[in-house]
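No value in this document is a laboratory result; all are computed from the given coordinates. From a predicted model like this one, the values you see are computed outputs, not experimental measurements. Note: ideal-geometry Cβ built from the backbone for every residue, glycine included; neighbour counts use all protein chains shown.
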């Protein structure tokens, strides 16, 4: 169980670290937008929308990585004072009762949303904005984010079970 959990976590870390490089792209494109606007008195809606796309991709595809690294918000005042066994129970119950149902709902509710975007060949609503298929690709990352979070949740359940079986304190 530990090996499977480690592989899932490793995969999510690789995805998160890869997607994190988009933040460098966001900074560079934003700098280009500023230079265009203030030095050349021009702009590009496509460039502005591309920053939003990169931000959305980082947010969605790095969520499981953040979960694996323990970077999501929690009440550390209590959690930090707990024993390893108590933390395992919190992680196990929180994952089963909160994370997994949320991911299931996200998968279920995003299906039609994503399918419609592909069916209508959605493009930007702004003149000069990003063409098809960019909006549909971004929307397709919603269920992908849910799957990555589900995988990380499964890894957390496995890790918690191992901790509880070992009787860690």
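Observations, loosely collected:
- With respect to the chain, whose longest principal axis is taken over its alpha-carbon atoms, helix 100-119 is tilted by about 20°.
- Highest-MSF residue in the chain out of 94, 70, 153 [GNM, Cα springs under 10 Å]: 70
- Computed from Cα positions, the angle between helix 134-166 and the longest principal axis of the chain comes to roughly 10 degrees.
- Adding -39500 (n - 2.57) for every DSSP H run of four residues or longer, then dividing by how many residues the chain holds, sets the calculated 222 nm ellipticity at -25000 deg cm²/dmol.
- Quotient of C-alpha Rg and 2.2 N^0.38 Å, computed over the chain: 1.28
- Nearest-ten-degree value, helix 84-94 long axis tilted from longest Cα axis of the chain: 50
- Inter-part distance, segment 18-56 to segment 80-120, computed on C-alpha centroids, equals 31 Å.
- Of all the options 87, 46, 37, the one that moves most in a Gaussian network model of the chain with Cα springs shorter than 10 angstrom is 37.
- Segment 2-166: relative contact order in percent, alpha carbon pairs under 8 Å with at least 6 residues between: 35
- Ranked list, fewest to most other Cβ atoms within 10 Å of each Cβ, for 21, 118: 21, 118
- Shown here are the Rg and Dmax of the Cα trace of segment 12-68, at 13.6, 44 Å.
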